[in-house]
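One structure is given here, and the rest of the page talks about it.
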Amino acid sequence: MKIFLDTADVEAIRQGVALGVVDGVTTNPTLAAKAGRGFKETVLEIAEICPGPVSAETVGLEADQIVKEGRILAKWAPNIIVKVPLLAEGLKAVKQLTEEGIKTNVTLVFSPAQALLAAKAGATFVSPFLGRYDDIGQEGMQLVRDIVKIYRNYDFKTEVLAASIRSPLHVVEAALAGADIGTMPPKVLEQMIQHPLTDKGLASFLKDWETVPDAKTVFEELEGRR
Ligand code: G3P
(Lines give C-alpha, C1' and ligand atoms only; values in the text may rest on other atoms or scores of the structure.)
Protein backbone atom coordinates (compact mmCIF):
# COMPACT_ATOMS: atom_id res chain seq x y z
CA MET A 1 0.00 0.00 0.00
CA LYS A 2 1.29 3.43 -0.87
CA ILE A 3 1.22 6.14 1.76
CA PHE A 4 0.38 9.72 0.82
CA LEU A 5 0.35 12.73 3.13
CA ASP A 6 -2.87 14.74 3.05
CA THR A 7 -1.54 18.20 3.79
CA ALA A 8 -0.13 21.39 2.26
CA ASP A 9 2.24 21.85 5.20
CA VAL A 10 5.63 21.84 3.50
CA GLU A 11 7.62 21.19 6.69
CA ALA A 12 5.45 18.20 7.61
CA ILE A 13 5.94 16.82 4.08
CA ARG A 14 9.70 17.32 4.32
CA GLN A 15 9.77 15.34 7.58
CA GLY A 16 7.52 12.60 6.19
CA VAL A 17 9.58 12.20 3.03
CA ALA A 18 12.75 12.01 5.15
CA LEU A 19 11.24 8.97 6.90
CA GLY A 20 11.41 7.20 3.54
CA VAL A 21 7.84 5.89 3.60
CA VAL A 22 5.87 8.67 1.91
CA ASP A 23 4.96 7.98 -1.72
CA GLY A 24 2.92 11.07 -2.56
CA VAL A 25 0.90 14.05 -1.36
CA THR A 26 -2.71 15.14 -1.68
CA THR A 27 -3.91 18.70 -1.16
CA ASN A 28 -7.30 20.33 -1.37
CA PRO A 29 -8.47 23.97 -1.23
CA THR A 30 -9.08 23.75 2.55
CA LEU A 31 -5.56 22.43 3.18
CA ALA A 32 -4.14 25.12 0.86
CA ALA A 33 -5.99 27.80 2.85
CA LYS A 34 -4.64 26.35 6.13
CA ALA A 35 -1.06 26.52 4.78
CA GLY A 36 -1.59 30.30 4.56
CA ARG A 37 0.73 30.95 1.59
CA GLY A 38 0.43 31.20 -2.17
CA PHE A 39 -1.04 28.04 -3.72
CA LYS A 40 1.37 27.90 -6.66
CA GLU A 41 4.54 28.36 -4.61
CA THR A 42 3.29 25.75 -2.09
CA VAL A 43 2.45 23.16 -4.75
CA LEU A 44 5.74 23.74 -6.58
CA GLU A 45 7.70 23.29 -3.35
CA ILE A 46 5.76 20.13 -2.46
CA ALA A 47 6.31 18.70 -5.96
CA GLU A 48 10.03 19.23 -5.53
CA ILE A 49 10.24 17.72 -2.03
CA CYS A 50 8.12 14.71 -2.93
CA PRO A 51 9.05 12.91 -6.16
CA GLY A 52 5.76 10.95 -6.15
CA PRO A 53 2.32 12.11 -7.27
CA VAL A 54 1.14 15.46 -5.83
CA SER A 55 -2.57 16.23 -6.22
CA ALA A 56 -3.61 19.84 -6.83
CA GLU A 57 -7.32 20.58 -7.10
CA THR A 58 -9.26 22.46 -9.77
CA VAL A 59 -11.99 24.87 -8.69
CA GLY A 60 -14.01 25.38 -11.91
CA LEU A 61 -17.49 23.91 -12.21
CA GLU A 62 -17.76 23.65 -16.00
CA ALA A 63 -15.90 20.95 -17.94
CA ASP A 64 -14.14 23.46 -20.22
CA GLN A 65 -12.92 25.47 -17.24
CA ILE A 66 -11.78 22.35 -15.33
CA VAL A 67 -9.87 21.15 -18.42
CA LYS A 68 -8.24 24.58 -18.79
CA GLU A 69 -7.19 24.61 -15.12
CA GLY A 70 -6.01 21.01 -15.34
CA ARG A 71 -3.76 21.71 -18.34
CA ILE A 72 -2.14 24.59 -16.46
CA LEU A 73 -1.69 22.68 -13.18
CA ALA A 74 -0.18 19.72 -15.04
CA LYS A 75 2.46 22.01 -16.54
CA TRP A 76 3.64 23.25 -13.13
CA ALA A 77 5.61 20.04 -12.47
CA PRO A 78 5.76 16.56 -14.03
CA ASN A 79 4.45 14.82 -10.87
CA ILE A 80 1.31 16.95 -10.49
CA ILE A 81 -2.00 15.10 -10.55
CA VAL A 82 -5.10 17.13 -11.40
CA LYS A 83 -7.70 16.65 -8.68
CA VAL A 84 -11.26 17.00 -9.96
CA PRO A 85 -14.51 16.84 -7.94
CA LEU A 86 -17.04 14.15 -8.84
CA LEU A 87 -19.57 16.16 -10.83
CA ALA A 88 -21.06 15.46 -14.26
CA GLU A 89 -18.86 18.28 -15.60
CA GLY A 90 -15.92 16.84 -13.67
CA LEU A 91 -16.35 13.46 -15.36
CA LYS A 92 -16.37 15.11 -18.80
CA ALA A 93 -13.21 16.99 -17.86
CA VAL A 94 -11.49 13.82 -16.59
CA LYS A 95 -12.27 12.05 -19.86
CA GLN A 96 -10.73 14.94 -21.84
CA LEU A 97 -7.68 15.31 -19.57
CA THR A 98 -7.09 11.54 -19.70
CA GLU A 99 -7.17 11.64 -23.51
CA GLU A 100 -4.51 14.36 -23.35
CA GLY A 101 -2.32 12.15 -21.12
CA ILE A 102 -2.92 14.24 -17.99
CA LYS A 103 -3.32 12.24 -14.78
CA THR A 104 -6.35 12.86 -12.58
CA ASN A 105 -7.60 12.18 -9.07
CA VAL A 106 -11.40 12.20 -8.78
CA THR A 107 -12.29 13.49 -5.35
CA LEU A 108 -15.32 13.85 -3.05
CA VAL A 109 -16.43 10.30 -3.87
CA PHE A 110 -19.11 8.94 -1.52
CA SER A 111 -20.63 6.00 -3.42
CA PRO A 112 -19.46 2.97 -5.42
CA ALA A 113 -21.64 4.21 -8.30
CA GLN A 114 -19.67 7.46 -8.43
CA ALA A 115 -16.41 5.51 -8.29
CA LEU A 116 -17.52 3.31 -11.18
CA LEU A 117 -18.14 6.42 -13.30
CA ALA A 118 -14.76 7.92 -12.33
CA ALA A 119 -13.03 4.75 -13.53
CA LYS A 120 -15.05 4.75 -16.76
CA ALA A 121 -13.94 8.35 -17.36
CA GLY A 122 -10.33 7.17 -17.07
CA ALA A 123 -9.35 8.61 -13.68
CA THR A 124 -5.85 7.68 -12.53
CA PHE A 125 -6.96 7.77 -8.88
CA VAL A 126 -10.33 7.79 -7.15
CA SER A 127 -10.68 9.25 -3.65
CA PRO A 128 -13.46 7.84 -1.45
CA PHE A 129 -13.73 10.00 1.70
CA LEU A 130 -14.14 7.37 4.35
CA GLY A 131 -13.93 9.57 7.48
CA ARG A 132 -16.55 12.00 6.21
CA TYR A 133 -18.79 9.05 5.32
CA ASP A 134 -18.39 7.73 8.88
CA ASP A 135 -19.30 11.24 10.09
CA ILE A 136 -22.80 10.91 8.63
CA GLY A 137 -23.36 7.50 10.24
CA GLN A 138 -22.39 5.38 7.21
CA GLU A 139 -19.58 2.82 7.03
CA GLY A 140 -16.71 4.50 5.19
CA MET A 141 -14.68 1.32 5.02
CA GLN A 142 -17.47 -0.55 3.25
CA LEU A 143 -17.32 2.13 0.57
CA VAL A 144 -13.60 1.39 0.08
CA ARG A 145 -14.21 -2.38 0.01
CA ASP A 146 -17.01 -2.06 -2.57
CA ILE A 147 -14.94 0.17 -4.85
CA VAL A 148 -11.93 -2.18 -4.67
CA LYS A 149 -14.18 -5.13 -5.54
CA ILE A 150 -15.83 -3.39 -8.49
CA TYR A 151 -12.46 -2.28 -9.89
CA ARG A 152 -11.05 -5.82 -9.55
CA ASN A 153 -14.16 -7.36 -11.15
CA TYR A 154 -13.57 -5.32 -14.29
CA ASP A 155 -9.82 -4.88 -14.11
CA PHE A 156 -10.06 -1.07 -14.02
CA LYS A 157 -6.62 0.51 -13.79
CA THR A 158 -7.85 3.40 -11.60
CA GLU A 159 -6.11 3.25 -8.21
CA VAL A 160 -8.21 3.43 -5.04
CA LEU A 161 -6.92 6.24 -2.85
CA ALA A 162 -8.58 5.95 0.57
CA ALA A 163 -8.98 9.55 1.76
CA SER A 164 -10.35 11.39 4.79
CA ILE A 165 -8.41 8.95 6.96
CA ARG A 166 -8.55 9.83 10.65
CA SER A 167 -6.59 7.08 12.47
CA PRO A 168 -4.02 4.29 12.08
CA LEU A 169 -6.91 1.82 12.28
CA HIS A 170 -8.42 3.43 9.18
CA VAL A 171 -5.09 2.91 7.40
CA VAL A 172 -4.89 -0.76 8.40
CA GLU A 173 -8.50 -1.45 7.45
CA ALA A 174 -8.07 0.31 4.11
CA ALA A 175 -4.97 -1.83 3.49
CA LEU A 176 -6.93 -4.99 4.39
CA ALA A 177 -9.67 -3.86 2.00
CA GLY A 178 -7.06 -3.67 -0.77
CA ALA A 179 -6.91 0.11 -1.24
CA ASP A 180 -3.88 0.99 -3.38
CA ILE A 181 -3.13 4.13 -1.39
CA GLY A 182 -4.03 5.70 1.93
CA THR A 183 -3.74 9.47 2.24
CA MET A 184 -3.53 10.74 5.80
CA PRO A 185 -2.72 13.81 7.88
CA PRO A 186 0.90 13.84 9.17
CA LYS A 187 -0.44 13.24 12.69
CA VAL A 188 -1.82 9.82 11.64
CA LEU A 189 1.53 8.85 10.12
CA GLU A 190 3.22 9.75 13.45
CA GLN A 191 0.61 7.71 15.34
CA MET A 192 1.33 4.71 13.09
CA ILE A 193 4.93 4.68 14.36
CA GLN A 194 3.99 4.72 18.03
CA HIS A 195 3.26 1.75 20.28
CA PRO A 196 3.53 1.79 24.09
CA LEU A 197 4.99 -1.74 24.11
CA THR A 198 7.75 -0.60 21.73
CA ASP A 199 8.68 2.22 24.14
CA LYS A 200 8.48 -0.11 27.16
CA GLY A 201 10.55 -2.83 25.45
CA LEU A 202 13.19 -0.35 24.32
CA ALA A 203 13.53 1.13 27.83
CA SER A 204 14.10 -2.33 29.30
CA PHE A 205 16.57 -3.34 26.53
CA LEU A 206 18.62 -0.19 27.17
CA LYS A 207 18.57 -0.73 30.92
CA ASP A 208 19.70 -4.37 30.57
CA TRP A 209 22.37 -3.37 28.06
CA GLU A 210 24.11 -1.35 30.75
CA THR A 211 24.81 -4.59 32.66
CA VAL A 212 26.59 -6.24 29.70
CA PRO A 213 30.32 -6.34 30.69
CA ASP A 214 31.73 -4.74 27.51
CA ALA A 215 28.72 -2.45 26.84
CA LYS A 216 30.77 0.72 27.15
CA THR A 217 33.60 -0.29 24.78
CA VAL A 218 31.21 -1.82 22.20
CA PHE A 219 29.12 1.38 22.31
CA GLU A 220 32.22 3.49 21.72
CA GLU A 221 33.18 1.30 18.77
CA LEU A 222 29.65 1.58 17.28
CA GLU A 223 29.80 5.33 17.71
CA GLY A 224 33.11 5.37 15.80
CA ARG A 225 35.00 6.61 18.86
CA ARG A 226 37.30 3.59 18.98
O1 G3P B 1 -7.97 15.54 0.92
C2 G3P B 1 -9.21 14.99 1.06
C3 G3P B 1 -9.57 14.33 2.36
O4 G3P B 1 -8.58 13.44 2.76
C5 G3P B 1 -10.08 15.23 3.44
O6 G3P B 1 -10.08 14.68 4.72
O7 G3P B 1 -10.30 14.81 7.19
O8 G3P B 1 -10.99 16.78 5.77
O9 G3P B 1 -12.34 14.70 5.82
P10 G3P B 1 -10.97 15.28 5.94
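The values are calculated or read from the model by the stated rules, or taken from the named source; none is laboratory data. Model, not experiment: these values are computed from the prediction. As a convention, Cβ positions derive from the backbone with ideal geometry for all residues, glycine included, and neighbour counts pool all protein chains shown. Please note that ligands, DNA and RNA were not included when accessible areas were found on the heavy atoms of the full protein model with its side chains. Shrake-Rupley method; radii C 1.70, N 1.55, O 1.52, S 1.80 Å.
When the dipole is taken about the Cα centre of the range 2-194, and only Lys, Arg (+1) and Asp, Glu (-1) are charged at their Cβ, what size is it in debye, to the nearest 20? Magnitude of the dipole: close to 220 debye.
Close amide H contacts of V109 (hydrogens built in the peptide plane, cut-off under 5 Å, sequence separation of 5 or more or a different chain): S127, F129. Ellipsoid fit via the Cα gyration tensor, the range 88-139: semi-axes of 24, 9, 8 Å, each the root of five times an eigenvalue, largest first. For the chain, averaging the sequence separation of C-alpha pairs within contact (under 8 Å, six or more residues apart) and dividing by the residue count gives a relative contact order of 16 percent. For the range 78-119 versus the range 200-226, the spacing of their alpha-carbon centroids is 54 Å. Expressed as a whole percent, the accessible area of the chain that falls on carbon and sulfur atoms is 57 (1.4 Å probe). When its C-alpha radius of gyration is set against 2.2 N^0.38 Å (N residues), the range 36-78 gives a value of 1.21.
Annotation note: trypsin sites (Lys or Arg not before Pro) in the range 151-214 located in DSSP loop regions with a Cβ neighbour count of at most 14 within 10 Å are K157.
Rounded to whole numbers, the Karplus 3J(HN,Hα) couplings from phi for the range 208-222 are 5, 4, 4, 8, 6, x, 9, 3, 5, 5, 4, 4, 4, 5, 5 Hz, using 6.51 cos²θ - 1.76 cosθ + 1.60 with θ = phi - 60°, and x at Gly and Pro. Taking label positions 7 Å along the Cα-Cβ direction at both L19 and E100, the computed distance is 3.5 nm, reported to one decimal.
The calculated FRET efficiency for T217 paired with K187, based on their beta-carbon distance and R0 = 45 Å, is about 0.65. A viscosity of 1.567 mPa s and a temperature of 4 °C, combined with the Kirkwood radius over Cα pairs in Stokes-Einstein, give a translational diffusion coefficient for the chain of 68 µm²/s.
Secondary-structure-derived ellipticity at 222 nm for the chain, considering helices only, amounts to -16500 deg cm²/dmol, per-run term -39500 (n - 2.57) for DSSP H runs with n ≥ 4.
Pairs spanning more than 23 Å between alpha-carbon atoms, out of K75/K120; K75/K103; K120/K149: K75/K120.
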